[in-house]
Structure formats: C-alpha cells, structure tokens
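**Q** I'd like to ask you about the structure that follows.
The values are calculated or read from the model by the stated rules, or taken from the named source; none is laboratory data. Bear in mind that the values here come from a model prediction, so they are computed numbers and not experimental data. Note that we place each Cβ from the backbone using ideal geometry, even for glycine, and neighbour counts take in every protein chain shown.
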Amino acid sequence: MKVVALFVLVAAISLAQSRREVPMLVTVPWLENYLPQPGLVILHVGSQKDFDAGHIPGARLATLADLSVTGAAGLRLELPPPATLSAALGRLGVTPNSRIVIYPATDSVQSATRVWVTLEWAGLAGRASLLDGGLAAWQAAGKPLETTARAAAETPAPAVAPHPELLVDKNWVRDHGQQPNVALLDARLPQFYTGAEQGIGNRLGHIPGARNLPFTSLLDADRKLKPAAELRQLFTEAGVTDGKQLAIYCHIVQQATLLYFAAKSVGFEPKLYDGSFQEWSMQADFPVVSGK
C-alpha cells in the first residue's frame, strides 16, 4: 500500500508541475545556474531596510504594499484591480515573457508565498517559482549579495487575467464549510484558532467546521518546505483527501498562502478565502466557535 500511495503522490506532483513552465519550488543551485538567462526577474519580498542590507544579485524589491490594496471595508492585503497590479509588476521589471523567482528576505516565508499566489491569480504562476529557504539559504550556501539596486529597464507590463476560480467568498464558506465533501483549513497558530488569544478580527475563535493546520508546521528548522511525503501526510491528517474540495483561510490570507502553495505542490487543488477571519468576524450573523 505504501508503494501505491507513493506512486499516486509522485503522479499528482508530476501532473501539477507539467502545467508550469518552471518548477514551483527551486533551490539555490537551480537559481545560480539560471541567473545568466535573459528574462529572469528575481523578487526580493521584504522591506527597503533588508533589501539595502543585501539581496541576491539583480533582485528587485517587492513589498506586500506594492502588490495589494486595502479594500473599501477596511480589509487588508486584498488583491488589487488588474490594471493596478499590471502596472505594479511592470515597475518591477516583469514582462509578458518573464520567468520569475520569488524569495523571502526574512523568516516570513508566507510573505513570499502571498506574492506567488498573487501571480497565480493574475495568470502568471506558470512562470513563477519560490526559492526554497529564501535569502537565508542563499547566504548559507556562500553566494554573493548586492547592496545597491539595479535600475529596471523600461518594459511592457504583463497582462493580468484574473482567475476568480482560485478564490471563495464568505457566503461560500458559510454554505459549504461544514459539508462532508469540503475540507476547510485554518492556517493560523493554535492560540488564534482556539480563541485563546486575539488575532486580526473582532472576535475570538475560528470558522465552524475548520480544522487547524498551522502554517509553521509545513516548514523545517531552516524555513524550507518539508518533503512532499511529509506535507501530504500533514494535509491527510487535517482531513484533506483527493475527493474533497479544499478551502484555506487565516487572518488576512498571508499565512494561508503557504498552505495553498504546499497543497498545490503535492497535487491538491486548493482555494483561498480571501476575506479570511478578518472579514468573517465582522459579520455579526456568521458564527464563530472557540476551543479545539
């Protein structure tokens, strides 16, 4: 049975990767070999301070503020209008034909996966990769850093073709979140899931029917993604199977993007509740439960 399960896992991962021009997850040696290639855009996801302190040669600074908006209802980290996102990507040097590598400048892997998911929604994820281990892995391998920014050439901005099917809204979660064919995952840390501590949102606890899979549980001590078999096991233990619809949320859909990325990488087809607990907790008639 273990051999069969391994074969199914490998087949699922191979299918997911075959739809992409570049791997979802790349290593330091892969990036080093790819650096001389034209059309490569490297996005350093962090702050001006850590960018100035040192970044991968040729990288451009991408902050979450560059690639998101605050919605009319005050919801943070919302996906921007397509034209706004297209212009922002153009300023970062992304073209219609770019291949993109994204890396976290700090331990915040979820910031980099948020950018990756934004590109996925925009129709560009087939050409976007995440550097496993981020800037820390690059430095640990003894690779050089730059401390000055290279000017981005004037290039045509990429077209943004939104994929709304990757998202679900609060009404979908309310109507489907507790159905037996749905796995609803809360990516927050346990103290926020149980309601022991106040997170982002004006109520304590979690959405009914959600099971907790903390985003940190998917990473090893070096902040790299755990091996595929371990990731698959974590999702299975959280109630995710190939026959179920998978929806994921967190505080504001930053931590949830790490689960989304990991689930995609092992062959699942997840969706994100973009409003997340921030929005859910604002709805007075939407229930919230506490405890495990």
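**Q** Looking at region 250-257, is at least one residue farther than 23 Å from D175 by Cα, surrounded by 16 or more Cβ atoms within 10 Å (Cβ to Cβ) and touching a residue at least 40 places away in the same chain (Cβ under 8 Å)?
**A** For region 250-257, residues farther than 23 Å from D175 by Cα, surrounded by 16 or more Cβ atoms within 10 Å (Cβ to Cβ) and touching a residue at least 40 places away in the same chain (Cβ under 8 Å): present.
Let's see how each residue does on (1) modelled with pLDDT of 95 or more; (2) farther than 30 Å from G90 by Cα:
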| site | (1), (2) |
| --- | --- |
| L135 | yes, no |
| A151 | no, no |
| L167 | yes, no |
| D186 | yes, yes |
| G195 | yes, yes |
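**Q** Now a separate question. Of all residues in region 163-189, which are touching a strand residue (DSSP E or B) at 6+ places or on another chain (Cβ under 9 Å), surrounded by 15 or more Cβ atoms within 10 Å (Cβ to Cβ) and not hydrophobic (A, V, I, L, M, F, W, C)?
**A** Of everything in region 163-189, those that are touching a strand residue (DSSP E or B) at 6+ places or on another chain (Cβ under 9 Å), surrounded by 15 or more Cβ atoms within 10 Å (Cβ to Cβ) and not hydrophobic (A, V, I, L, M, F, W, C) turn out to be K170, H176, G177, D186, R188.
**Q** Among the residues of region 128-159, count how many are under 17 Å from I100 (Cβ atoms) and either in contact with a His (Cβ under 8 Å, 6 or more places away or on another chain) or of a type in the set (F, W, Y) (or both).
**A** 2
**Q** Next question, about the same structure. Mind listing whichever residues of region 46-82 are part of a loop (DSSP other than H, G, I, E, B), surrounded by 14 or more Cβ atoms within 10 Å (Cβ to Cβ) and of a type in the set (V, I, T)?
**A** Of everything in region 46-82, those that are part of a loop (DSSP other than H, G, I, E, B), surrounded by 14 or more Cβ atoms within 10 Å (Cβ to Cβ) and of a type in the set (V, I, T) turn out to be I56, T63.
**Q** Also: Considering every residue within region 168-176, establish whether at least one is touching a residue at least 40 places away in the same chain (Cβ under 8 Å), in the same structural domain as G201 (by TED's automatic domain parsing), closer than 30 Å to D285 by Cα and assigned to a loop (DSSP other than H, G, I, E, B).
**A** Checked against the condition, which is being touching a residue at least 40 places away in the same chain (Cβ under 8 Å), in the same structural domain as G201 (by TED's automatic domain parsing), closer than 30 Å to D285 by Cα and assigned to a loop (DSSP other than H, G, I, E, B), region 168-176 yields at least one hit.
**Q** Right, D132: within 30 Å of Q283 (Cβ to Cβ), touching a strand residue (DSSP E or B) at 6+ places or on another chain (Cβ under 8 Å) and of a type in the set (D, E, K, R) or not?
**A** No.
**Q** Does V94 qualify as being β-branched (V, I, T) and within 18 Å of the chain's Cα centre (by Cα)?
**A** no
**Q** Just one of the numbered conditions (1) surrounded by 12 or more Cβ atoms within 10 Å (Cβ to Cβ); (2) modelled with pLDDT under 95; (3) closer than 23 Å to S281 by Cα is not true of T155; which one?
**A** (3)
**Q** Residues A238, A263, A229: which one is buried (at least 21 other Cβ atoms within 10 Å of the Cβ), under 30 Å from G126 (Cβ atoms) and not assigned by TED's automatic domain parsing to the domain that holds A136?
**A** So the residue among A238, A263, A229 that is buried (at least 21 other Cβ atoms within 10 Å of the Cβ), under 30 Å from G126 (Cβ atoms) and not assigned by TED's automatic domain parsing to the domain that holds A136 is A263.
**Q** Pick out the one residue from R114, R150 that is over 21 Å from the mean Cα position of the chain (by Cα) and more than 15 Å from K271 (Cβ to Cβ).
**A** R150
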